[in-house]
């Protein structure tokens, strides 16, 4: 395997959101922490994605809207999604990092963490929202399908907020299995268990909502009984992760209680699954996380997990309540995956 890389560009700091939770300070805190970790991974400075690559996911008029808004000095796509003079170029480079990382994953077996902003998983094909301009992970998945000979992509999302934009991009496409946990009844209001895909994509959207306060034990139960069996059955050629650290206990925009130990375990466990099936990845894309210390700790743990040859430690066993919650989820997924999940 070609080792682990961290993708970063100084341009990401120039995406100016003002007095906002999603600020350049986030990347400064993480980069400072990773530099202190030593040289166990490679730093890579990405180039920009092409407009053609972006428009595999986003409609051209929306891409042009972002470009013009940025060119004219900035503004807002909605009440909490800011655009500044440098935002369009920063967003092109954030998406470009994903394209370069999946190319390196498929050709050289390299695992990656993308220290990028603006984030992406809320960006819908025709509308940015939730701090997101272009959907970086969706653009990368679409590039892999169109250009790299990949036929099956597994996208896992561990942000506290549901990745509605990614879900929408591939809702009718069985070439992408979108799966992830999030806090139920939280922004952006999507992600119910009943949202399972449409047409040929029926069953290839798997939402794992969690109640307020859920943490490591509940996620471990979901992994063992849903995520890993799905991965084995789907047999993806590429695994991508929307890595959000607002799911950590104590995040000001969160409501779940995961530990940084769990982020390392998830990264290592997904890495083990990739090794077993000879899939490329994981490639992890930074999404949320708004407590600077927690964010830095969580990303550092994830990068360590990507470098682990095996997942260490045993997650906290689920309580009886969490087992019942998982039973209910498995039953809800039975119409498509009943022969796979138990």
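Brief remarks follow.
- Per-residue Cβ neighbour counts within 10 Å put 59, 99, 54 in the sequence 59, 99, 54, beginning with the fewest.
- Descending Cα extents along the principal axes, the range 4-337, whole Å: 55, 47, 39
- Across the range 4-337, the mean sequence separation of Cα contacts (distance under 8 Å, 6 or more residues apart), normalised by length, yields a relative contact order of 18 percent.
- Three-way shape call for the range 224-340 based on the alpha-carbon gyration tensor, with the a/c threshold at 1.5: oblate
- Relative contact order for the range 243-342: 31 percent, from Cα pairs under 8 Å spaced at least 6 residues apart, divided by residue count.
- Between helix 260-277 and the chain: long-axis angle, C-alpha atoms, 0 to 90°, nearest 10: 80 degrees
- Between the alpha-carbon centres of the range 211-252 and the range 274-292 there is a gap of 11 Å.
- Helix 24-37 axis, angle to the chain major axis (alpha carbon atoms, nearest 10°): 60 degrees
- When the alpha carbon gyration tensor of the range 101-193 is reduced to an equivalent ellipsoid, the three semi-axes, largest first, read 23, 14, 13 Å.
- Semi-axes of the equivalent ellipsoid of the range 1-139 are 25, 18, 11 Å, computed as sqrt(5λ) over the eigenvalues of the C-alpha gyration tensor in descending order.
- For the range 190-286: Kirkwood Rh in Å [reciprocal of mean 1/r, alpha carbons]: 14.5 Å
- Burial ordering of 171, 88, 7, fewest other beta-carbon atoms within 10 Å first: 171, 88, 7
- Counting beta carbons within 10 Å around each of 306, 341, 145 and listing the fewest first gives the order 341, 145, 306.
- Overall form of the range 233-293 per C-alpha gyration tensor (a/c, 1.5; a/b vs b/c): prolate
The numbers here are math on the coordinates, done by the rules we state, and not lab data. A quick note: this is a predicted structure, and the numbers were derived from the prediction, not measured. Heads up, the Cβs are rebuilt from the backbone with ideal geometry, glycines too, and the neighbour counts pull from every protein chain shown.
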